[in-house]
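Colleague: Take this structure, written in structure tokens, and hold onto it; I'll ask about it next.
Nothing in this text is a laboratory measurement; each read-out follows from the coordinates by a stated rule. What you see is a predicted model; the values in this text were computed from it and never measured. With ideal geometry, Cβ positions are generated from the backbone for all residues, glycine too; neighbour counts draw on all protein chains shown.
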Amino acid sequence: MALKNWTIDLRVDFDSPEKNEIMIKAVRACAHELYTTAQLIADKRKPDIAIHSDDMFEGRGDIELFGKEEQL
């Protein structure tokens, strides 16, 4: 089987920058669930996950799977 990649794009334009932090937490939560599901049904090869954000002013930025409050 060939390597398969899924992409979900969500575009938002909030007036308040604090809402972006809320979205980052929501994106991380969804990514955790997707990654866990992929790990549970994985065959020999482990799944990989990457989270990004992108905007026309700052460009593309990587988002860590675990936030500072979740890291040990």
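Colleague: Under 5 Å between amide H atoms, partner at least 5 residues away or on a different chain: which partners does residue 63 have, H built in plane at 1.01 Å?
Modeller: Long-range HN contacts for residue 63: 51, 52, 53.
Colleague: About its Cα centre, what dipole magnitude does the range 18-63 give when the only charges are +1 on Lys and Arg Cβ and -1 on Asp and Glu Cβ, stated in debye to the nearest 20?
Modeller: 300
Colleague: Starting at the first residue of the range 47-62, write each ³J(HN,Hα) from the Karplus equation 6.51 cos²θ - 1.76 cosθ + 1.60 with θ = phi - 60°, in whole Hz, x for Gly and Pro.
Modeller: These are the phi-based 3J(HN,Hα) values: x, 10, 9, 9, 10, 9, 10, 8, 8, 6, 9, 9, x, 7, x, 7 Hz.
Colleague: Using the Kirkwood radius over Cα pairs, work out the Stokes-Einstein diffusion coefficient for the range 16-72 at 25 °C and 0.890 mPa s, in µm²/s as a whole number.
Modeller: 190
Colleague: Follow-up question, since we're still on this one. Full-extension gain between residue 68 and residue 46, please, as 0.36 nm times their residue separation minus the C-alpha to C-alpha distance.
Modeller: In short, 5.5 nm is gained.
Colleague: Another one. Work out the charge dipole of the chain with +1 on the Cβ of Lys and Arg and -1 on the Cβ of Asp and Glu about the Cα centre, then indicate which of 65, 16, 6 is farthest towards its positive end.
Modeller: 6
Colleague: Ok, one more. Name the residue farthest towards the positive end of the dipole of the range 18-63 from the options 36, 53, 26, assuming +1 on Cβ of Lys and Arg, -1 on Cβ of Asp and Glu, about the Cα centre.
Modeller: 36
Colleague: Cross-link partners among aspartates and glutamates for residue 68, C-alpha distance below 17 Å, same-chain residues fewer than 8 apart left out?
Modeller: 18, 21
Colleague: Cα to Cα, under 18 Å, and not fewer than 8 places away if on the same chain: which lysines meet these conditions relative to residue 46?
Modeller: Within the straight-line limit of under 18 Å, residue 46 reaches these lysines: 4.
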